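Notes follow the structure.
The values are calculated or read from the model by the stated rules, or taken from the named source; none is laboratory data. Remember, predicted model here, so these are calculated numbers, not experimental data. Note: ideal-geometry Cβ built from the backbone for every residue, glycine included; neighbour counts use all protein chains shown. Heavy atoms of the whole protein, side chains included, go into the accessibility calculation; ligands, DNA and RNA do not. Shrake-Rupley method; radii C 1.70, N 1.55, O 1.52, S 1.80 Å.
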Amino acid sequence: MSVRQSDVMKEAPCTNQSLSNYLWDDAPDENKWADCVHCGMCLESCPTYEQTGQEQHSPRGRVHLIKSVAEGKLEVNEQFMDPVNQCLDCRACTTACPADVDVGGLIEEARGQIRQAMPLKGWKGRLSKFFLEDLFPHHNRLHTFGGVLKFYQKSGMQKLVRHTGLINVMPNHLVEMESIMPEVKVPVRQKFKDEKVIKAKKEEKGTVAFLTGCIMDVMFSDINESTINVLTHNGNNVTIPEQQTCCGALHVHAGDRKTGRKLAKQNIEAFKDADKVIVNAAGCGCMIKDYPELFREDPEWKEKAEEFSAKVEDVSKYLHDTGYEKPRSEINTRLTYHDACHLAHGQGIREEPRNILLDIPGVEMVHMPNADRCCGSAGIYNITNPEMAGAVLESKMQNVPDDVEMISMGNPGCMLQMAIGARKYGRNQKVVHTIQLLDWAYQKDAQSEQGRGDD
Amino acid sequence: MPKLKTKDKHIKKLAEIVKGPNSILYLKEDLLAYDCDGFTIHKHLPKAVVFPKDTEEVAAIVKYCDANNLPFLARGAGTGLSGGAIPLNGEVIISLVRMKRLISVDTENRRAVVEPGFVNLKLTNSISDRGYYYAPDPSSQYCCTIGGNVAENAGGAHCLKYGVTTNHILGLEVVLPNGEIIEISSDGIPDAPGYDLLGILTGSEGTLGIVTKITVRILKNPEEKQTVLAYFDKVSDGSHAVSDIISAGIVPAALEMMDKIAIEAVEAAAFPVGHPKDIEALLLIEVDGVSAGIDEQINQILEVCKRRNVREVKVAQDEQERGRWWANRKTGFGAMGAISPDYLVQDGVIPRSKLPEVLGRINQISEEFGLRIANIFHAGDGNLHPLVLFDAKKPGDTDKALKAGSACLKVCADVGGSITGEHGVGIEKKEEMRFIFSDEEIMAQTNVREVFNPNNLLNAGKLFPTPGRCIEMKSDVNEPLSS
Ligand SMILES: Cc1cc2nc3c(=O)[nH]c(=O)nc-3n(C[C@H](O)[C@H](O)[C@H](O)COP(=O)(O)OP(=O)(O)OC[C@H]3O[C@@H](n4cnc5c(N)ncnc54)[C@H](O)[C@@H]3O)c2cc1C
Ligand code: SF4
Ligand code: SF4
């Protein structure tokens, strides 16, 4: 036997399922890693590889480690957890990979195993539990939380905290977050509580159901209002199904697939009667389009999930596909556009939002290099992995052109993170959602029409 | 320094040498990501991976390894396809990826200086606004490092007209296997008198020294560029068209061919462009240069294609279309993942005229082994990439794939060609070196290696067949070379 043959025998990959060190259901899917040919074309797309230069923090390395656990070469332990949890879930590797390997899917499945093998501990665990289990899935508690935030902002507490030095004892990244917290307004779910259908303002095209998002509706209810305005302005009736809940993205990113499935089922039921489901948060959109992945082992719900996700559309894509009125009023501003990972890499939406912006008179768009590079927000990643998130944010901010007044994007998570970035690096850009700009232009149109009417 | 979770004294010492944060990996879970490169058939864990930040750290690591008899090797992006960066002997891997600065650009003298971990495409991206580019463009250019390109003497689609890496290297800084730092032609003046050390080091597959700084030639962007895509019903028509284009006196910047299975793969993968599924071959042809004369060349090319019974031929209408065609071609290897769990890419060179014959024989090999073989071909310079598709999970498949791959190389050697065009020999093709070199010729080369790498601690077991009788014959020259 030649040297090479004996080497091959020794190295023959293990296929015996019993060797797998994944002990729970819903384990990482062999078919996903089978597509990976180890070519390395994904390396440079990965922000964590860019930061560390280490291959266990690259898509190829992560896939290799995940596969190695199934082959019995590794165990699900702390050391394995590190590279898997450092992944930003940004899906840039999915865009780069010639073989279409679903690295993100594998990571999430692996996190599901980690979560069960090593339940969360310490302050990170408590924090995650608070957000993921006790807060996000509960619409009413979120409102209360929003109320507390509002109280915090309005009552002078915020000032007090900022001025008394109390802020100095908060962990750094929470301080950063506190500093850019948007002013809390009335959630649209509350505002339109009594309206079954929010009527189209022009000739009716159809009816769409709107996923308001959980935290989005509390922290960014003005964006939700803009979204409703823009939709109704363009002939869409809008419904806000009452039973809808948090999309589950944060839970699934954190490996809590069980809660993810529970929330998915609730949403699938809530939107049963809708023909179109419109989302304005890229992260939520990407998640709910991915629901079928959660039900790999449950054919009945998988089918329902597939039916549901086929109806989901990001608001920018929906407007692009169904047509929208070009505003006439000018919004004179120089801006740049940031591709939210879950819009560009997750849903392949790049040109539609840019075209919307360019259709607004007076908008001048400045190119941002590496516009589709992650900003480091990634759900609650900036809370659980502050160091990496900070490094990724720094390199993102270096790409933001100096001479723009606004940074536009299609995801609230990114908006928070980029606002932190702008503040931290002494930049004065305003961070806006693409749809807000369109809404503002429409509002200006309305004002000038009214002005004319008054003459 | 954070506390190390090991008692190994070498690891502790190495950790003292590389000072940056997280600059050494030594736990199995981390090391696993380094057990192979783009060639996945052999795997072995390294002893450790170190991430030096400058030449001095590289030299200190090398000195330490040399003094303590620890095998070591260099690694860039690990996209190599012949196993050059696989730590067969449990090496200490010296990863150069954190040495990734663009040190200087000198457009007046048309050269740039980079660190070895600088990614190939980033060079072009960094100088394109000044109207310059770096010509060697391996398909892996999005990720592979220029250090790795030097080691493998990488080629690419556009090397037909502009030459491979070695034609673009003007100077090197190298850490020799004893830790000594030398500069070769550091002033970047080409054709210095004396032996061509740049030539010896370029393409030496990381067995003679570790490259820590590279002076490269940069070129002015061509005034104009045109790209043609041609579909053929018969491979023979396609390959005759290739010969006709070259004999018409045209030197295209690139002249690429894909066969039916390759087309199936790229169309099933991430960057499809809508090629018909039932053609036997496609050609992707690019001409560039001063604007005057480009149209004429394009017309000649279209003429040739028509004469050779082309089914459809078109010229890219804009930069986007050209970009799509190239993305489709350049991701060709990875695309195999879309139609097969594993692939083994071979890298033979053949006289262009022999293509139909060679493809016929590869077809026979495919049938004989019961494995599908796709072909991607730098047709202009006769560099053929048969991609053997297999499933490592099926018992015996891997072995069959290796044998089929070897048989393909034998065919290339038999028709007067060679066993590697650009991917290097590495582990993969070291036995096949015997197809083209006699024992004496191989020994002459290992003698050269001994001049640089006398203890053979640097990347041992690569490039040359496991020695038979060569080993007893020691070279006279034992002194390592100095500048
Ligand atoms: C999808 C795909 C397409 C490819 N297409 C092409 C192509 O078109 N043309 C082509 O030529 N190749 C191609 N390759 C092969 C590969 O990309 C090249 O060989 C490349 O030059 C390797 O660079 P790397 O940084 O990945 O080096 P690595 O794989 O890390 O190392 C390769 C070898 O170089 C040595 N080495 C690395 N850095 C140094 C250094 N600084 N000093 C000394 N030795 C060093 C290593 O020890 C090893 O032996 C392709 C690979 C893939 C996966
Ligand atoms: S994930 Fe895709 S790009 Fe990355 S190594 Fe695997 S096949 Fe290549
Ligand atoms: S999802 Fe993002 S961070 Fe995770 S492996 Fe892919 S590119 Fe890297």
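Of all residues in segment A:23-40, those satisfying the criterion of being charged (D, E, K, R), closer than 22 Å to residue B:265 by Cβ and either away from ligand 3 (no atom under 16 Å from the Cβ) or open to solvent by 30 Å² or more (accessible area, probe 1.4 Å) (or both) are A:29, A:30, A:35.
Within segment B:112-131, if we keep just the residues that are away from chain A (no Cβ under 14 Å) and either without any contact (Cβ under 8 Å) to a residue 12 or more places away in the chain or surrounded by 20 or more Cβ atoms within 10 Å (Cβ to Cβ) (or both), the residue that is nearest to residue B:332 (Cα to Cα) turns out to be B:114. Candidates are the residues of segment A:396-441 that are more than 30 Å from residue A:325 (Cα to Cα) and touching an Asp or Glu at 6+ places or on another chain (Cβ under 7 Å); the one that is most open to solvent (accessible area, probe 1.4 Å) is A:424. Among the residues making up segment B:137-158, a single one is more than 14 Å from every other protein chain (Cβ to nearest Cβ) and more than 8 Å from ligand 1 (Cβ to nearest atom): B:158. Limited to segment A:86-99, what total is found for residues that are open to solvent by less than 10 Å² (accessible area, probe 1.4 Å), within 16 Å of ligand 1 (Cβ to nearest atom) and of a type outside the set (Gly, Ala, Ser)? Matching residues across segment A:86-99 total 1.
In this structure, residue A:14 does not qualify as at pLDDT below 95, under 20 Å from residue B:392 (Cβ atoms), within 7 Å of another protein chain (Cβ to nearest Cβ) and more than 11 Å from ligand 3 (Cβ to nearest atom). Applying the criterion of being in a loop (DSSP other than H, G, I, E, B) and at the interface with chain B (Cβ under 10 Å from one of its Cβ atoms) to the residues of segment A:63-76, the residue that is least open to solvent (accessible area, probe 1.4 Å) is A:74. The condition of being at pLDDT 95 or above and either within 11 Å of ligand 3 (Cβ to nearest atom) or not hydroxyl-bearing (Ser, Thr, Tyr) (or both) holds for only one of A:56, A:86, that being A:56. The condition of being of a type in the set (Asp, Glu) and away from chain A (no Cβ under 14 Å) holds for residue B:66.
Scanning segment B:82-133 for residues that are more than 16 Å from ligand 2 (Cβ to nearest atom), of a type in the set (A, V, I, L, M) and under 30 Å from residue B:26 (Cα atoms) gives B:88, B:92, B:93, B:94, B:96, B:99, B:102, B:114. Residues in segment B:412-426 that are hydrophobic (A, V, I, L, M, F, W, C) and either assigned by TED's automatic domain parsing to the domain that holds residue B:87 or not in a loop (DSSP other than H, G, I, E, B) (or both): B:412, B:413. Of B:287, B:313, all but one fail to be touching a helix residue (DSSP H, G or I) at 6+ places or on another chain (Cβ under 9 Å), open to solvent by 20 Å² or more (accessible area, probe 1.4 Å) and outside any loop (DSSP other than H, G, I, E, B); the exception is B:313.
A search for C-beta distances below 6 Å between a residue of segment A:33-44 that is at pLDDT below 90 and any residue that is in a loop (DSSP other than H, G, I, E, B) and open to solvent by 20 Å² or more (accessible area, probe 1.4 Å), counting only pairs 6+ apart in sequence or on different chains, returns A:34/B:341. Restricting attention to segment B:435-470, the residues that are of a type outside the set (Phe, Trp, Tyr) and either in a loop (DSSP other than H, G, I, E, B) or within 28 Å of residue B:140 (Cβ to Cβ) (or both) total 21. Say we look at segment B:85-104 and pick out the residues that are within 9 Å of chain A (Cβ to nearest Cβ) and touching a Phe, Trp or Tyr at 6+ places or on another chain (Cβ under 6 Å); which of these is most open to solvent (accessible area, probe 1.4 Å)? The selected residue is B:100. Residues in segment A:100-109 that are in a helix (DSSP H, G or I) and either out of contact with any Phe, Trp or Tyr (no Cβ under 8 Å at 6 or more places or on another chain) or open to solvent by 10 Å² or more (accessible area, probe 1.4 Å) (or both): 6 in all.
Scan segment A:365-385 and give yes if some residue there is β-branched (Val, Ile, Thr), open to solvent by 10 Å² or more (accessible area, probe 1.4 Å), at pLDDT 90 or above and more than 17 Å from residue A:91 (Cα to Cα), otherwise no. The answer is yes, given that some residue of segment A:365-385 is β-branched (Val, Ile, Thr), open to solvent by 10 Å² or more (accessible area, probe 1.4 Å), at pLDDT 90 or above and more than 17 Å from residue A:91 (Cα to Cα).
Would you call residue B:339 within 16 Å of ligand 2 (Cβ to nearest atom) and at pLDDT 90 or above? Yes, satisfied. Where helices (runs of 4 or more DSSP H) fall entirely within segment B:78-184, those with at least 1 residues that are more than 16 Å from ligand 3 (Cβ to nearest atom) and among the basic types (Lys, Arg) are at B:120-127, B:159-162. Taking the criterion of being within 14 Å of chain A (Cβ to nearest Cβ) and charged (D, E, K, R), the residues of segment B:338-392 that qualify are B:342, B:391.
Got at least one residue in segment A:220-237 being part of a strand (DSSP E or B) and modelled with pLDDT of 90 or more? Looking for residues that are part of a strand (DSSP E or B) and modelled with pLDDT of 90 or more, one finds at least one in segment A:220-237, hence yes. One residue alone among A:79, A:56 is within 16 Å of ligand 1 (Cβ to nearest atom) and assigned to a helix (DSSP H, G or I), and that residue is A:56. Considering only segment B:331-355, state which residues are part of a helix (DSSP H, G or I), within 11 Å of residue B:415 (Cβ to Cβ) and not charged (D, E, K, R). Within segment B:331-355, B:353, B:355 meet the criteria. Looking at segment B:23-48, which of the residues that are in contact with a helix residue (DSSP H, G or I) (Cβ under 7 Å, 6 or more places away or on another chain) and more than 8 Å from chain A (Cβ to nearest Cβ) is farthest from residue A:69 (Cα to Cα)? Top of the filtered list is B:24.
Do we have residue A:43 as more than 10 Å from ligand 3 (Cβ to nearest atom), in contact with a helix residue (DSSP H, G or I) (Cβ under 9 Å, 6 or more places away or on another chain) and facing chain B (nearest Cβ under 8 Å) here? If you could, list the steps in order and put the result at the bottom.
Numbers: more than 10 Å from ligand 3 (Cβ to nearest atom): no; in contact with a helix residue (DSSP H, G or I) (Cβ under 9 Å, 6 or more places away or on another chain): yes; facing chain B (nearest Cβ under 8 Å): yes.
The answer is no for residue A:43.
If we scan segment A:420-432, do we find a residue that is touching a residue at least 12 places away in the same chain (Cβ under 8 Å) and in contact with a Pro (Cβ under 8 Å, 6 or more places away or on another chain)? Checked against the condition, which is being touching a residue at least 12 places away in the same chain (Cβ under 8 Å) and in contact with a Pro (Cβ under 8 Å, 6 or more places away or on another chain), segment A:420-432 yields no hits at all.
If you go through segment B:25-52 and keep only what is surrounded by 22 or more Cβ atoms within 10 Å (Cβ to Cβ) and not in a loop (DSSP other than H, G, I, E, B), you end up with B:25, B:30, B:32, B:33, B:34, B:48, B:49, B:50. So for segment A:48-62 (the condition being more than 7 Å from chain B (Cβ to nearest Cβ) and open to solvent by 20 Å² or more (accessible area, probe 1.4 Å)), does at least one residue qualify? Yes, that holds for at least one residue. Somewhere in segment B:210-217, is a residue among the basic types (Lys, Arg) and farther than 30 Å from residue B:290 by Cα? Yes: segment B:210-217 contains one or more residues that are among the basic types (Lys, Arg) and farther than 30 Å from residue B:290 by Cα.
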